[in-house]
1. As a test of the formula, what do you get for chain B when each DSSP H run with n ≥ 4 contributes -39,500 (n - 2.57) and the sum is divided by the residue count, at 222 nm and rounded to the nearest 500 deg cm²/dmol?
2. Just to confirm my numbers, what's the Cα centroid distance between segment B:342-410 and segment B:1-48 in Å?
3. Report the extension gain between B:Glu339 and B:Glu233 in nm, rounded to one decimal, defined as 0.36 nm multiplied by the number of residues separating them, less their alpha carbon distance.
4. If you build a Gaussian network model of chain B, linking Cα atoms that sit under 10 Å apart, which residue out of B:Ala125, B:Ala111, B:Ala317 swings the most?
5. Tell me, B:Val368, B:Val198 in order of fewest to most beta-carbon neighbours within 10 Å?
6. Fewest Cβ neighbours within 10 Å first, please rank A:Leu130, B:Leu406, B:Leu252 accordingly.
7. If you line up the long axis of helix B:13-24 against the longest principal axis of chain B, both from Cα atoms, how many degrees apart are they, to the nearest 10?
8. Hey, got the average number of other protein chain Cβ atoms within 10 angstrom for residues in A:426-437?
Amino acid sequence: MYDVVIIGAGVTGCAIARELSRYQVKACVLEKCEDVCCGTSKANSAIAHAGFDALPGTKKALFNIRGSEMMEAVSKELDFPFVKNGSLVVCRKEKDLPKLQELYDRGIQNGVKDMRIIGREEVHEMEPNLADGVLAALYAPTAGIVCPFGMTIAYAENAAVNGIEFRFDTEVNAVRKEEEGYVIHTTRGEFRTRAIVNAAGVYADAIHNMVSGEKLHITPRRGDYCLLDHTAGEHVARTVFPLPGEYGKGVLVAPTVHGNLILGPTAVDVENKEETCVRQEELDYLLDKVGHSVKNIPIRQVITSFAGLRAHEDSDDFVLGEAKDARNFFDAAGIESPGLTSAPAIGVWMAEQIQESLQLPVNPEFIPNRKGILNPAELPMEKRNELIRQKPEYGTIICRCEMISEGEIMDAIHRPVGARSLDGVKRRTRAGMGRCQSGFCSPRTMEILERELGLPMEELTKSGGESKIIVGINKDRW
Amino acid sequence: MLSYDIVIVGGGPAGLAAAASAREQGIESVLILERDHTLGGILNQCIHNGFGLHTFKEELTGPEYAARFIDRVNELGIEYKLNTMVMDISSEKCITAMNREEGLFQIRAKAVILAMGCRERPRGALNIPGYRPAGIFSAGTAQRLVNMEGYLPGREVVILGSGDIGLIMARRMTLEGAKVKLVAELMPYSGGLKRNIVQCLDDFGIPLKLSHTVIDIDGKERVKGVTVAQVDEHRKPIPGTEEYISCDTLLLSVGLIPENELSRGMGVDMEPVTSGPVVNESLETNVEGVFACGNVLHVHDLVDYVSEEAAAAGKNAARYIREGAKRAEQAGCVELAAEGGVRYTVPKYIHTDRMEEKLTVRFRVGDVYKGCYICTYFDDTCVKRQKRPVMAPGEMEEIKLQKQKLEEYPDLKKITIRIEKGGE
């Protein structure tokens, strides 16, 4: 019998797991995919929003501001990449200037600090590659960029170190209410628990509706993105948004914490909760739109495109807290933007709710700090050579685009909640994320996975499930 | 700090030939840095034959061709370091490299020969819509898995792009028991050598559809199929021509990109058409004493020409070392211009005083030309018209320039190479 089962190992589920591990709790995270960070958390804008978008009084506004304020400290405590690079909402038409003011006023109401509306001259000086037509901008210096994989993995690892279990490839089929709690039926057996946290992303409505009469409805809202190579990473220094529209914050242009440039997202409501395919018309729209805010984007430097699904709930706000008609069933549903920014705050708040309800004692052995995978490239030459003497694998480069060594890949595999697939290695080390998109390093990374996990090559996957990389050996049908 | 006269970055066909040539010119202090665990580069996975027809007048496999040069490098006692990644080269030719035995270390070189080769253009660079499942490989990655590791990457295959590696892999996958259903090529002509179309597709009954591309990839976990459509003259898919082809694998052979991250880092000027360095008659870049050859300079289709070009780079680097400060001040320099269907030329500049008696100028054309002429202009004077039955973007062309001829035009500023149609 668990005290708490968290459904979903995205950034929200992992943040809740980590905050919950501050208490003495027997808890488990169930994830239908093979790793953490496999859904919306891996395919988003990677922005820590300042907090002027959400309407005052909404949970989105509240948790965005709290999350934004926590982000820097959490990123240090858990050692994941975060840069407070500031954001600009750019305005191109005289008649739209009041909208900029409206955003500013909303930001003030929400409690965003240090915002300014700046004029043409200053904004172009700040960002020389802004489109010529930009007249003014709302500048929010508290906005930042974050590595969404790094953040989710950091939360998961720290949760695991503090005693939270993780079960992958475990999909929830049904939830039954019982006297003392719940029974969760999954593809890997039953789990009994006193409390449930529903952090199931685009599936959070389905999970909620298994136990509650007050139905939720989530629409997957797909967003397509393009990622450009490092050579384009300095095209803008700040995150550049257009004025927001009906479907969200619009198509942004932003640097990433790893020095790439990201363009996106578009916004299309879809039926299928697995529809993470990129569409030509969306890419065309995206590449056209970005030109309205930023000029001369080196489109030829695109190294990949991808799509993510926002979990848009009909109420247009986060659904947070205990369901009215299901005791100890806690929702973290409808977590779309600013969900990544809000995750640290949602984690803390949700853990408190659960603690109150279950009366969990404080965990005296809680370890608040986590150190990320060592990045030898950040070491001075002597230190790096000392490291290579101790573990020569740090001296062998496997991913030549991102200069990732065998030692780092081995670390990624053997960490708590370690990598078990090519994508798992990629999200933890960036091996395969560069300009050749794993053309050179994937066979070598596969060898390392095979060796370190003791898995036969035929069983290795790109990202779990049926995503096997090879189908057999030569002439095996002859 | 280690110090060498010539350091060669890359131990593939270009690096090997450059090293041998430099040593034969009398330079003792030569070092090859190779990131893989053997010399030979990509040739090691090219187990098909057809290499060496020009160089050795016989048909060799890739590993055999490489072995000839590796043997030569060993006979000459040239030093090399394997499993060694070059991390950075400064504009002062200080090389930072790393391997597991020595860790991170630096080497000072008097001359550097860039021979890093190229990489394959990935799916992402094409912006092909659809899912991102397992089963999408660049042709070279699949080639490595099949030929080096003995694994079968897929059983039902569609190949996008008709570059040479894609064509070779169509045959290779067929021989390993896979069914290659189609090769789709965006352009109205193939990007590969004619002989590969005949020997790798026609001989095995594999269809090649020109002016076709993949417009969607189906399958969330592993590829389930692709949608192929015909494209118009602007390379846009034509509605109504879509065809779904079930398959578990999509191979991409959609172009090669010279790997010039190190070159850019040391301030070498680049030619946007080739994505390789701009070089002069000595295959020297704008950074003095830094030479380039092989696929890092421009993508070749025959390794024989890589070897030839690399030998020239090695010789020129040796001369640079020998002459040192005594090297003649650069006299007037002639610019080569690519026009009328010629996409680029290597080299781009010629210092007449430094050129050999005969200089090979290599280039590619931008379209298929039948019965046309390669015309060479010295300023406004047409000095040569050479008829070619067929020229295609997939086949590199060359002309020879005679030093003597250039010297007859002392005021020569520009040599233009262009394709002209019929008429004598």
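1. Mean residue ellipticity at 222 nm (helix-derived): -5500 deg cm²/dmol.
2. About 29 Å separates the Cα centre of segment B:342-410 from the one of segment B:1-48.
3. Extending this stretch completely gives an extra 36.0 nm.
4. Result: B:Ala125 has the largest fluctuation of those listed.
5. B:Val198, B:Val368
6. B:Leu406, A:Leu130, B:Leu252
7. 20 degrees
8. The shielding value for this peptide is 3.
All of the numbers you see were taken from the coordinates with simple rules; none came from a lab. Just so it is clear, the structure is predicted and the values come from calculations on it, not from any experiment. Don't worry about glycine lacking a Cβ; one is built from the backbone with ideal geometry, like all the others, and counts go over all protein chains shown.
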